[in-house]
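Student: Let me give you the structure first, and then I'll get to my questions.
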Amino acid sequence: MILVYEHPLSPYAQKVKIALAEKGIPFDTRLPEAFGSGAVRDEEFKRDNPRHEVPALVDGDLHVVDSTVILEYLEDKFPEPPLLPPGPAERARVRMLEDVMDTQYEAINWALLEIEGFKRASGELRERLLARAAGQTASLQAWLERQLAGRPWFTGERFGWGDIAVAPHLNISAAFGNAPRPDGRLADWLKRANERPSVAAAAAAARTRFTSGPDLGALVASGRFKRQYRDHRLEWMLRSGGLAIVLDGIENGTIRFGNEVG
Ligand SMILES: N[C@@H](CCC(=O)N[C@@H](CS)C(=O)NCC(=O)O)C(=O)O
């Protein structure tokens, strides 16, 4: 049986769970103990996953990390039903869409969790960062709306890779009060995407974790939980006015960077 190391709130892990469900492949999931704290306690998980990130997929002796690489692996090994559209141009379009979602778009939602969940900012700084995040989300959603012109799904005529790449991030935006405007194509698409059992299951698991998980602000304040600031997420904080948060986190030891491979 395929095993997916995951965290329900990870949009990347959600992509993998949705893809597996759409292909009808049974799988088990495992949340590594103390995941996200910087002191994860799961030797098996760490051994074959040098970046210590979720999602990671185990298929027999094979370990695959990175949601995009995992989706590629699943598409190669289990071609039916296909998740990519036919033709190189359409495939390239869908992959470019996924790249924007997994970098620029994801960074905004990650920052919202830092601000509202992990309580990294208060007062005027909080207000300013929330307004920046809402503005950036609105522009990206307008861009997504244009991608849907003339096609029912981001993948084309059928639900697939492009939709899997967008749905988890849009559901997280909605949870933070940045849902697409209700009268647009994007809101209509999100409603249809959430009617699919694969998407609904991943979204429900995320909601449950968000509402019943530990007090995140207290975890960071206790010093037992160091959040990972890396790549597009770190860039978001710097470009959007959160430099003070980064400096404060480094000084107080509540921030770490990506795991050094090797
Ligand atoms: N490019 C990777 C990104 C995966 C990623 O950033 N995962 C986060 C969770 S959303 C993670 O594992 N962070 C490690 C940590 O917080 O310790 C992918 O697409 O799978």
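Since every read-out is calculated from the coordinates, none of them should be taken as a lab result. Keep in mind the model is a prediction, meaning the values are calculated, not measured. Ideal geometry is used to build each Cβ from the backbone, glycine not excepted, and the neighbour counts take in all protein chains shown.
Student: So which of Lys119/Lys226; Lys17/Lys119; Lys23/Lys191; Lys15/Lys77; Lys17/Lys77 end up more than 19 Å apart, counting from Cα to Cα?
Tutor: Over 19 Å Cα-Cα: Lys17/Lys119; Lys23/Lys191.
Student: Run the dipole for region 88-212 about the Cα centre, Lys and Arg Cβ at +1, Asp and Glu Cβ at -1, nothing else charged, and hand back the magnitude in debye, nearest 20. Write down the numbers at each step before the final one.
Tutor: Numbers: 18 positive and 15 negative charges, 22 e Å.
About 100 debye.
Student: Taking the Cα centre of the chain as origin, work out the dipole magnitude from +1 charges on Lys and Arg Cβ and -1 charges on Asp and Glu Cβ, in debye rounded to 20.
Tutor: I would put it at about 660 debye.
Student: Give the span of region 1-40's Cα atoms along each principal axis, as three whole-Å numbers ordered largest to smallest.
Tutor: 34, 21, 9 Å, listed from the longest principal axis down.
Student: Putting +1 on Lys and Arg Cβ atoms and -1 on Asp and Glu Cβ atoms, find which of Leu57, Ile108, Ser37 reaches farthest to the positive end of the dipole of the chain.
Tutor: It is Ile108, whose Cα lies furthest towards the positive end.
Student: Using Cα springs under 10 Å in a Gaussian network model of the chain, which residue among Gly117, Gly213, Gly241 shows the largest mean-square fluctuation?
Tutor: Gly213
Student: Just want to confirm a number: the relative contact order over region 88-212, from Cα pairs under 8 angstrom separated by 6+ residues, in percent.
Tutor: Contact order relative to length: 26 percent.
Student: List the residues, sorted by chain then number, that are 5 or more residues from Ile2 or on another chain and whose placed amide H is less than 5 Å from its amide H.
Tutor: Those lying under 5 Å, H to H, from Ile2 are Asp28.
Student: Next question, about the same structure. With springs only between Cα atoms under 10 Å, which of Ala203, Ala187, Ala167 fluctuates most in a Gaussian network model of the chain?
Tutor: Per the Cα network of the chain with a 10 Å cutoff, Ala187 tops the list.
Student: Set the Förster radius R0 to 35 Å, insert the Cβ-Cβ distance between Arg207 and Glu235 as r into 1/(1 + (r/R0)^6), and round the FRET efficiency to 0.05.
Tutor: FRET efficiency, Arg207 to Glu235: 0.80.
Student: In whole Å, what is the distance between the alpha-carbon centres of region 109-140 and region 44-61?
Tutor: First find each Cα centre; the distance between them is then 31 Å.
Student: Here's a follow-up. Amide H of Phe176 versus every other amide H placed in the peptide plane: which residues, excluding those fewer than 5 positions away on the same chain, fall under 5 Å?
Tutor: The answer is none.
Student: A follow-up question, please. What distance in nm lies between label points placed 7 Å from Cα along the C-beta direction at Val69 and Ser122?
Tutor: Placing both labels 7 Å along Cα→Cβ, they lie 4.2 nm apart.
Student: Let me ask something additional. Which residue, chosen from Tyr73, Gly258, Leu216, occupies the Cα position most advanced towards the positive end of the dipole of the chain, where the dipole is computed from +1 (Lys, Arg) and -1 (Asp, Glu) charges on Cβ about the Cα centre?
Tutor: Of the options given, the answer is Leu216.
Student: Determine by what factor the alpha-carbon radius of gyration of the chain differs from 2.2 N^0.38 Å, reporting the quotient.
Tutor: Rg over 2.2 N^0.38 Å, computed on Cα atoms: 1.00.
Student: Distance in nm between label sites at Arg95 and Arg224, each 7 Å beyond Cα in the beta-carbon direction?
Tutor: 4.4 nm
Student: A further question follows. Which whole-number percent gives the relative contact order of the chain, counting Cα pairs below 8 Å spaced six or more residues apart? Each step should come with its number before you reach the end.
Tutor: On the way: 328 pairs, mean separation 62.0, N = 262.
Across the chain, relative contact order equals 24 percent.
Student: Once the piece of chain linking Ile250 and Glu43 is laid out straight, how much longer is it, given 0.36 nm per residue of separation minus the C-alpha distance between them?
Tutor: Going from the current span to full extension adds 71.9 nm.
Student: Taking the chain as a Gaussian network, where each spring joins two C-alpha atoms under 10 Å apart, which residue of Ala92, Ala133, Ala121 fluctuates the most?
Tutor: Ala92
Student: Write down, largest first, the equivalent ellipsoid semi-axes of region 1-117 in whole Å, where each equals the square root of 5 times an eigenvalue of the alpha-carbon gyration tensor.
Tutor: They are 24, 20, 11 Å, listed largest first.
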